[in-house]
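What follows is a single structure, written as structure tokens, with notes after it.
We did not get these values from a lab; they are worked out from the coordinates using the rules stated. Worth saying up front: this structure is predicted, and the values here are computed from it rather than measured. Because the Cβ atoms are built from the backbone with ideal geometry, glycine has one as well, and the counts that use them run over all protein chains shown.
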Amino acid sequence: MLVIANWKMHKTVVEAVATARQIRSLVRRVPVTVVIAPSFTALERIGRVLRGGPVQLAAQDVHWESWGAFTGAVSPLQLRDVGCQWAIIGHSERRRLFGESDAVAGLKVGAALAHRLRPILCVGETLEERVGGDTLRVVERQLERGLVAATAATAGRMVVAYEPVWAIGTGETAEPAQIQEAHGLIRRWLDGRFGAATSRRIPILYGGSVSPENIQRLGAVAELNGVLVGGAALAAEPLAEIVRVLAGAPANAKPKRKTAVRRTAKSNRSH
Ligand code: PGA
């Protein structure tokens, strides 16, 4: 199981470091990989806070070139330099508010893979597309173009996040049956493109108004390998609660290492 905390454009560096420390102390020894995606300004400091521990670091975006005249952009090399292991690519806010196309997402995924950053490619339909019966076509197109540069040799480092646009930041979560259908489609597409063995190594996450209140229901969805969390990940405790629930979720119930998670009072102390 994989949990990505997407902080979007929130938190000063001091606030970001304090929350990262709390998260680090709350989510020890869980069979869940926890990844924090702060703003670019906090990456370097949080990279130092997390170094050597199990909680990992993601950027919310990445440019496709290594260096050059690209004002405002940050390259995969620069992200690696500050300790990033992951990069979110093609988030619907990037697509909708900054005009990013499927082709741009494809370039970014290629650059991330080439620089050993693990890409988290976001796909998902708008409400209009869902109502118009276009969900599957849209998601397939986003996968086709977003993963154009991935090969059977590199695709095992990918993550795909299914994030229906109408569920992001709205408090409206997709129904388990809708998630299962979309995840099934994505899995079949990955099987067809990279072969079942490689496909199995690619986690498929759900994102869109995930919270401690609905994680139990979501965690029961077959084919769910984790979640991408926005609003509920801004504070450490709700995020840790989501992690705890997923640590015990049926999809994750195979015998594994201990799932002990330190609980509240003591664990709020930062280290
Ligand atoms: P949300 O955001 O959890 O606030 O809906 C999810 C996302 O944008 O990835």
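Could you tell me whether region 159-236 comes out rounded, prolate or oblate from its Cα gyration tensor? Rule is a ≥ b ≥ c as square roots of the eigenvalues, rounded for a/c under 1.5, then prolate if a/b exceeds b/c, otherwise oblate. Cα axes put region 159-236 in the prolate bin. The three principal axes of the C-alpha atoms in the chain carry coordinate ranges of 49, 46, 35 Å, sorted with the longest axis first.
You can think of it this way: the chain between residue 131 and residue 14 has 37.8 nm of extra reach, that is 0.36 nm per residue less the Cα-Cα gap.
Among 200-210, 149-159, the peptide with the highest mean count of other Cβ atoms within 10 Å heads the list, and the full ranking is 200-210, 149-159.
Separation of region 78-105 and region 163-214, taken as the distance between their Cα centroids, equals 18 angstrom. Exposure proxy ranking for 9, 1, based on other Cβ atoms within 10 angstrom of each Cβ and starting from the fewest, stands as 9, 1.
With helices as the sole contributors, the chain gives -12000 deg cm²/dmol at 222 nm; each DSSP H run of n ≥ 4 counts as -39500 (n - 2.57), and the sum is divided by every residue.
Across region 77-92, rounded Karplus estimates of 3J(HN,Hα) from the backbone phi angles (6.51 cos²θ - 1.76 cosθ + 1.60, θ = phi - 60°) give 5, 5, 5, 4, 4, 9, x, 6, 10, 9, 9, 6, 9, x, 4, 4 Hz, Gly and Pro being marked x.
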